[in-house]
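Take a look at the structure set out below.
What follows draws every value from the coordinates through simple rules; no lab data is involved. Please read all numbers here as calculations on a predicted model, not as lab measurements. Here Cβ is always computed from backbone atoms with ideal geometry, including for glycine, and neighbour counts include all displayed protein chains.
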Amino acid sequence: MDRLEVIAPGRVCLFGEHSDYLGLPIIAAAIDLTIRIVATPIEGDAIAVEYKDTGETDRFPVAQEASYRHVRDYLRSAFNNLYRRDIRLTSGLRLDVTGSIPMAGGLSSSSALTVASVCAFAASAEATLSPEDLAVSAYEAEVKEFGESGGMMDHYASVFGNLIHLIPSQLTRLQPDISGLVIGNSGEPKADTVGDLAYIRRSAEEGYRILGEKIPEFHQLHTPLEEVAAKADELPRSCRLTTLTTIQNREITREARELLSESRPDLKRLGELINRHHALLRDGLHRSTPKIERMIEAALEAGALGCKINGSGGGGTMLALAPGREEDVAEALQAVGAASLVVHTDEGCRVRRVP
């Protein structure tokens, strides 16, 4: 067994935040903030893990499924996912894990870790996984294993890289090279990412169920927005705004998909769509914070074409599209008390042998 290096990128969701787990389309880009795992064969029958950035360590046997030390024990769940499929190691392995993705920032650090872990275990066991199989396995290990509410966007983006359009399990690679991406990190901790997703999902799905009783052949992916809006007042207040917002976000993603089908898309128009998407996340799903709003205002004043909050929201990071004004926007974000990073699109998960 060779010594291997696996790199899996994080991602930004340009369009369709809080959509993929509702069966709605998204547009996402892998970015060059990554999780890196170096897998080294060792003597014995254990897997030894060192998380270099946090100082945490782990150790468990190769000959049986690993028990979980805590909820969302993603590296162990990646191992278990493959073990159940008879993709198994025959000797010991040391995993050194490092990363540059801000944790709990809406940039998919946990999904990148899970993708990298599945890839590292499979490659070390000399098993070949197709890119789709890798993405699905990582989704199963991170989401289904722990009964969570997320979708597959993060895993497909991390595996396939660059810019993708995804309707659940239906992937399209988009060609335009999106440049000028700046991440602003508010430094605000998120209270309950998993709970937020579960609440939004329950609320929207309740709205869809009721709409199905009022609109013949209703489907959240296809029914025109006008038909949904005409029935919105008949929905309970508990799910009305969430339901309508998700369908409005669907339409913005559709417009963006058409725009990004062009070889030279209008970036000003793209920025306007990003701003519209953020307004819905802020006002319809209540995902922003006062500090994120100050950051977005500063970024727009510094020349960004569009800005939005990332991930589940309620803190964490935001994204600015600022081609040619990246440094200006990064400095403006720092001036309002945020950390900032200029990022680029990434090719996706890869593995290579190392000395």
Task: By average C-beta atoms within 10 angstrom, highest first, the peptides 255-263, 112-120 - done: 112-120, 255-263
TODO: Can you pull the one-decimal nm distance between simple spin-label points at Asp58 and Arg294, each 7 Å off the Cα toward Cβ?
DONE: 3.7
TODO: Kindly list the residues of the stretch 1-42 that lie in the label zone of Ser91, defined by a backbone N under 19 Å from the point 7 Å along the Cα-to-C-beta vector.
DONE: 1-5, 38-42
Task: Size of electric dipole in the chain: Cβ of Lys, Arg +1 and of Asp, Glu -1, about Cα centre, debye, nearest 20 - done: 220
Open item on the list: Going by amide H atoms built from the backbone, whose H comes under 5 Å of the H on Phe15, apart from near neighbours?
Closed with: Ile27
TODO: May I ask you to evaluate 6.51 cos²θ - 1.76 cosθ + 1.60, the Karplus curve with θ = phi - 60°, for each residue of the stretch 312-318 and list the ³J(HN,Hα) values in order in whole Hz, giving x for glycine and proline?
DONE: 6, x, x, x, x, 10, 10
Open item on the list: If I model a spin label as a point 7 Å beyond the Cα along the Cα-Cβ vector, how far apart are those points for Glu262 and Ala229 in nm?
Closed with: 2.3
Open item on the list: Apply the Karplus curve 6.51 cos²θ - 1.76 cosθ + 1.60, θ = phi - 60°, to the phi angles in the stretch 14-24 and return the couplings in whole Hz, x for Gly and Pro.
Closed with: 6, 9, x, 4, 6, 10, 5, 6, 9, x, 10
- [ ] Evaluate E = 1/(1 + (r/R0)^6) for Glu217 and His286, where r is the Cβ-Cβ distance and R0 equals 25 Å; express this FRET efficiency to the nearest 0.05.
- [x] 0.20
TODO: Once you have a ≥ b ≥ c as the square roots of the Cα gyration tensor eigenvalues for the chain, tell me rounded if a/c is under 1.5, and otherwise prolate or oblate according to whether a/b is larger than b/c.
DONE: prolate
TODO: State, to one decimal in nm, how far the label point of Glu206 lies from the label point of Arg237, with both points 7 Å from Cα in the Cβ direction.
DONE: 1.3
Open item on the list: Can you give me the long-range amide H partners of Glu188? Hydrogens built in the peptide plane at 1.01 Å from N, cutoff under 5 Å, separation of 5 or more residues or another chain.
Closed with: Gly316
Open item on the list: For a quick check: with amide H placed at 1.01 Å from N, whose amide H comes under 5 Å from Gly348's, ignoring anything fewer than 5 positions away on the same chain?
Closed with: Asn162
Open item on the list: Between Asp2 and Arg69, how high is the FRET efficiency from 1/(1 + (r/R0)^6) when r is the Cβ-Cβ distance and R₀ = 41 Å? Nearest 0.05.
Closed with: 0.90
